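Here is the structure we will look at.
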Amino acid sequence: MNFHDAERLLGLLRQDGFIAVDDPKDADLIVFNTCSIREKAEQKFLSEVGRLRRLKKQEPSKRIAVLGCVAQQQGKALLERMPHVDYVVGPQNISKFKEVLSRESGVLIEDNPDIAFEEIPAQRAEGVSAWVNIMYGCNNFCSYCVVPYTRGRERSRPPESILREVRELVSQGYKEVTLLGQNVNSYRGGVSFPRLLEMVNSVEGLERIRFVTSHPKDLNDELINAVASLQKVCEHIHLPLQSGSDRVLRLMNRRYTYAEYLKKVEKLRAKVPEIAITTDIIAGFPTETEEDHQATLRALEEIQFDGLFGFKFSPRPMTKASKMEGQLPEEVKAERLSEILELQDRITEKKNRALEGRVLDVLVEGPSEKDPRMLTGRTRTNKIVNFYGDTPRGSLVKVRITRGLRHSLQGEVISGSPSGRHI
Ligand code: SAH
Ligand code: SF4
């Protein structure tokens, strides 16, 4: 979401003749796009921005702006704390960035009910895949999470506007879109999310559709059927579980039990047998016992996710969980997180190895970063595959998997441009 916010800001600034440069020393305007989901991201930003104090002193005409959730959280206090910063703009106010730029300095952190109706021409990174926002904000107030406070209430973009953007992207050569929302499947833009998928599926020239992040409470049969039946919708879902303990899930205000979550996973796998399921887990939520932690490990064993993002619980301002009693020491959180990650690494590797010998459709993204003689691409299940070949970016090739590694697959091309649905 943050990455795409930066693409949207770049698109806006380009209209005014700004171009991106690599070195802050060459810039007239320096923008920090900040994240406050966990404390670490926020601290990283504070140390980076502190380093610009000298540069600003030497060249006072350079302007420094802070965008994103830290800006939203701190508002005017950030200007007071960092007097070399000129502008503070929350993530709901990107469209008004130019307005604030015409002033000496300013803070813009109002709630923006019109956000879903704004058309901002994003300047995207080159590639085959493009992010497309379909909804903003969050209504869920999970007890640990700062997002509802920084990004405001859920607001869905009208389907016509989404389709216009997707068609435009296809005409620019993009092959894949990833529909974006804090809870992408809670979309309510006049049509249901499964219906929206159907509409995007009918865009000619588009090859693949992905969507992140889905909230388990809004994963219904209609959506499962849409994933099963729509040809372009890829067989992958990111479905954060957060914890395997019902007691912790309740404290987190997640609105599902582990059994309910598991049932949805089983339904998904029954209807879409090849589906890859990835998840998010928080280690060391306040009051989490060793027993709760073991329940999470058991859940990972039972579900056998394809991948996982794990985080140590981080107390965030304004959230209920940050004020709960029973905060755990850093070492306990770290220890539990590493057990979670180790277990999942073993599972991921085992699942990747099971793909050896299979022939999968791979959308070519370009030369591999590690070895430029190789190409890299993704399967429909969102697994990275590296292979030798010279097929141009954006082509679909059939690749036989020769090796399943911990974080990627290796393969060999067996043909170009397949048609139909093989995964
Ligand atoms: N809207 C999405 C995820 C948004 S944040 C959802 O509900 O699934 C991405 C992930 O960051 C979350 O799934 C959660 O695992 C993690 N996260 C959020 N707040 C956190 C916190 N305070 N401490 C640790 N991890 C957190
Ligand atoms: Fe945060 Fe929960 Fe909303 Fe996700 S659903 S953004 S974790 S409050």
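The values are calculated or read from the model by the stated rules, or taken from the named source; none is laboratory data. All values derive from a computational prediction rather than experimental measurement. Neighbour counts are summed over all protein chains in view; Cβ atoms, including those assigned to glycine, are modelled from backbone coordinates with ideal geometry. Ligands, DNA and RNA are stripped out before the accessible areas are found, and what is left, the full protein with its side chains, is counted by its heavy atoms. Shrake-Rupley method; radii C 1.70, N 1.55, O 1.52, S 1.80 Å.
In the elastic network of the chain, a GNM with C-alpha springs shorter than 10 Å, the most mobile of GLN242, GLN182, GLN172 is GLN172.
Residues THR381, THR257, THR150 ordered from highest to lowest accessible area at a 1.4 Å probe: THR257, THR381, THR150. Sketch the reach of a paramagnetic label on ARG298 as a point 7 Å from Cα along Cα-to-Cβ, and name the residues of the range 249-272 whose backbone nitrogen lies under 17 Å away. Taking a point 7 Å out along Cα→Cβ of ARG298, the residues of the range 249-272 whose backbone N falls under 17 Å are 249-250, 257-263.
For the chain, carbon and sulfur atoms together expose 50% of the accessible surface, with a 1.4 angstrom probe and every protein chain in place.
Remark: the range 359-416 projects, on average over all directions, an area of 3.4 nm² (convex hull of Cα atoms). One Cα centroid belongs to the range 19-33, the other to the range 64-83; the line between them spans 18 Å. In straight-distance terms, cross-link reach from LYS333 covers every one of the lysines whose alpha-carbon lies under 24 Å from its own, apart from those fewer than eight places away in the same chain; here that gives LYS40, LYS44, LYS312, LYS320, LYS323.
Taking the alpha carbon gyration tensor of the range 115-353, multiplying each eigenvalue by 5 and rooting it gives semi-axes of 32, 21, 16 Å, largest first.
Note on surface exposure: PHE18, PHE211 rank PHE18, PHE211 by accessible area, highest first, 1.4 Å probe. Extension gain, SER61 to GLN172: 0.36 nm times the residue separation minus the Cα-Cα distance gives 36.3 nm. Rounded to whole Å, the principal axis extents of the Cα atoms in the chain read 61, 53, 45, largest first. Counting only protein heavy atoms and a 1.4 Å probe, the chain has 46 square angstrom of accessible area per residue.
The GluC sites (Glu not before Pro) found in the range 188-272 that occupy coil by DSSP, while having at most 10 further C-beta atoms within 10 Å, are GLU204.
A viscosity of 0.890 mPa s and a temperature of 25 °C, combined with the Kirkwood radius over C-alpha pairs in the Stokes-Einstein formula, give the range 2-108 a diffusion coefficient of 177 µm²/s.
Can you list, bin by bin at 5 Å, the percent of alpha carbon pairs in the range 277-423, starting at 0? Cα pair-distance distribution for the range 277-423, in percent: 2, 9, 17, 15, 13, 11, 9, 9, 8, 5, 2, 0. The phi-based Karplus calculation (6.51 cos²θ - 1.76 cosθ + 1.60; θ = phi - 60°) puts the 3J(HN,Hα) values of the range 114-121 at 8, 3, 6, 9, 7, 10, 10, x Hz, whole numbers, x for Gly and Pro. A Förster radius of 41 Å, combined with the Cβ-Cβ distance separating SER229 from GLU412, puts the computed FRET efficiency at roughly 0.85.
Database note for the chain: Cys without another Cys beta carbon under 4.7 angstrom, CYS35, CYS69, CYS138, CYS234. Full extension of the chain between GLN15 and LYS271 gives 87.6 nm of extra length, using 0.36 nm per residue less the Cα-Cα distance.
Residues within the reach of a label modelled at GLU99 (point 7 angstrom out along Cα to beta-carbon, backbone nitrogen below 18 Å), restricted to the range 58-72, are 66-68, 72. The accessible area of SER105, taken with all protein chains in place and a 1.4 Å probe, comes to roughly 60 Å². Close amide H pairs (under 5 Å, H built 1.01 Å from N) link ALA125 with no residue at least 5 positions away or on another chain. Spacing of the modelled spin labels on SER192 and PHE309, each 7 Å from Cα toward Cβ, amounts to 2.7 nm.
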